[in-house]
Amino acid sequence: MTKIYLNKGKETPLLRRHPWVFSGAIKSTEGKPVDGDTVSVYSADKKFLGIGHYQVENSIRVRIISFEEVEIDETFWFNKINTAYTFRGIIELTDNKNTNVYRLFFGEADGLPGLIIDFYDGHLVVQCHTIGMHRNIEHIAHALKKVYGSKLKTIYDKSKETLPKHLTENLHNGFMIGDTGNTVVKENKHLFYIDWERGQKTGFFVDQRENRALLAHYSKNKTVLNTFCYTGGFSVYACAAGAKEVHSVDVSKPAMEITDKNIELNKLTNHKSFCADTFDFLEDKKDVYDIIVLDPPAFAKSRDVKHNAFKGYKRLNEMALRLIKSNGLIFTFSCSGVVDKALFYNTVAAAVFESGRKVKVLHYLSQPADHPITPNFAEGEYLKGLVLYVE
Ligand code: SAH
């Protein structure tokens, strides 16, 4: 195994179990590792720090998969997957009669940077974000089979879009077990059609389960607008909770088709779909809606575009604030990892001041426990939301 030595003092984050080694922290490398190799990392005074995957891409050179000096063998992969599964059992997701969709594995927070696995009623969709992780996908699949046994119906590898482009020329998404590309799942008793072959990400936004339930709590007899609705998660909850009318907007036609399908699956009425750009749609909608949901895609994916993200979130929130009815509620979100809680709050506050509306902050929202937040890896806290009451 290639050995990597860090500059003096650069071991501190690893001793705190932060799993990223930046290129600038590296003093020397014994051997010539290539993308995806498993390497071991040592401090300047040659103390073992961890084992990780090497990648020559932006500035994160090694992602640590073990802080212990262990064999990276079948048992290693099984233990990681099984620990994640046991935890989802503790938080009552693995055997829940109302919900059979959850995130089984959430990268760094579950101890394997670059590995995402979502569970859709026995169908598992795997997304690797590093080539080192993808090289081990057979081990991961083997561990998944052992953990789920006869409950496992499908393993679909959907890593083509999430791996660095220059490394994926010969890679294709595909089935490792089974051949089903879609299914219907239950989330808090609501039915959702999931198409992991054609859909965005792994097919569904698993991270909004609890925030959708909170929207339901406020939706009875209300006129609700769900922007950036994707497959209509928030819309289904609002309709089912007795909203007077729900409007869903997304720029993607396939997403709107699935939204319609989900409304139908749940036998709901009082719903209208709009395939449109949210900013255009909002233009002329003053005093129509009691509740507006804003869940845009990550406006900032890297630190360089943080300022543009600020402008995007501010403009969107300001538009919604200006047009919402009196005594209305805005559910506003950001899933951009580089926009932290404070920046998001300040951005929304700036929109509030600009709009001239009087606002109370009712709730601070986040990601659910199957997307765990760990103190050693602050970057994992990506979903932020606020519920605003607008006088
Ligand atoms: N709220 C959704 C997830 C939103 S993901 C849920 O609970 O499932 C972001 C969505 O925004 C994607 O479906 C994408 O197609 C859509 N989108 C991106 N830009 C848009 C725009 N300018 N107007 C409307 N929709 C947009």
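Do we have ARG198 as near the ligand (Cβ under 9 Å from one of its atoms) and at negative phi here? Please lay out each step first, then the result.
Values: near the ligand (Cβ under 9 Å from one of its atoms): no; at negative phi: yes.
Judged against the criteria, ARG198 is not a match.
Those residues that are modelled with pLDDT of 95 or more and in contact with a helix residue (DSSP H, G or I) (Cβ under 6 Å, 6 or more places away or on another chain), I need them from the range 164-178; list them, please.
MET176
State which residue is nearest to the ligand (Cβ to nearest atom) when the search covers only the range 322-342 and only residues that are under 10 Å from TYR389 (Cα atoms) and surrounded by fewer than 18 Cβ atoms within 10 Å (Cβ to Cβ).
Going through the qualifying residues, I end up with ASN327.
If I filter the range 357-373 for residues that are buried (at least 19 other Cβ atoms within 10 Å of the Cβ), touching a helix residue (DSSP H, G or I) at 6+ places or on another chain (Cβ under 7 Å) and either at positive phi or part of a helix (DSSP H, G or I) (or both), do I get at least one hit?
Within the range 357-373, not a single residue is buried (at least 19 other Cβ atoms within 10 Å of the Cβ), touching a helix residue (DSSP H, G or I) at 6+ places or on another chain (Cβ under 7 Å) and either at positive phi or part of a helix (DSSP H, G or I) (or both).
Answer yes or no: is there a residue in the range 312-321 that is crowded, with 16+ Cβ neighbours inside 10 Å and away from the ligand (no atom under 16 Å from the Cβ).
Yes: the range 312-321 contains one or more residues that are crowded, with 16+ Cβ neighbours inside 10 Å and away from the ligand (no atom under 16 Å from the Cβ).
Any residue at all in the range 374-381 that is touching a residue at least 40 places away in the same chain (Cβ under 8 Å), closer than 28 Å to GLN200 by Cα, surrounded by fewer than 18 Cβ atoms within 10 Å (Cβ to Cβ) and among the polar types (S, T, N, Q)?
So far as the range 374-381 goes, yes, one or more of its residues are touching a residue at least 40 places away in the same chain (Cβ under 8 Å), closer than 28 Å to GLN200 by Cα, surrounded by fewer than 18 Cβ atoms within 10 Å (Cβ to Cβ) and among the polar types (S, T, N, Q).
Return the pairs, sorted by first residue and then second, in which the second residue is of a type in the set (S, T, N, Q), the first residue lies in the range 274-289 and is in a helix (DSSP H, G or I), the beta carbons are less than 8 Å apart, and the residues are 6+ apart or on different chains.
Listed by first residue and then by second, the contacts come to THR278/THR227; PHE281/THR227; LEU282/THR227.
ASP284: loosely packed, with under 14 Cβ neighbours inside 10 Å, more than 21 Å from the chain's Cα centre (by Cα), assigned by TED's automatic domain parsing to the domain that holds TYR218 and near the ligand (Cβ under 9 Å from one of its atoms), yes or no? If you could, list the steps in order and put the result at the bottom.
Values: loosely packed, with under 14 Cβ neighbours inside 10 Å: yes; more than 21 Å from the chain's Cα centre (by Cα): yes; assigned by TED's automatic domain parsing to the domain that holds TYR218: yes; near the ligand (Cβ under 9 Å from one of its atoms): no.
Criteria not met by ASP284.
Report, by residue number, each residue of the range 242-267 that is surrounded by fewer than 19 Cβ atoms within 10 Å (Cβ to Cβ), without any contact (Cβ under 8 Å) to a residue 60 or more places away in the chain and more than 20 Å from LEU329 (Cβ to Cβ).
VAL251, SER252, LYS253, PRO254, GLU257, ASP260, GLU264, LYS267
The values are calculated or read from the model by the stated rules, or taken from the named source; none is laboratory data. Small disclaimer: the values here were computed from a predicted structure and weren't measured. Virtual Cβ from ideal backbone geometry, glycine too; neighbours counted across all protein chains shown.
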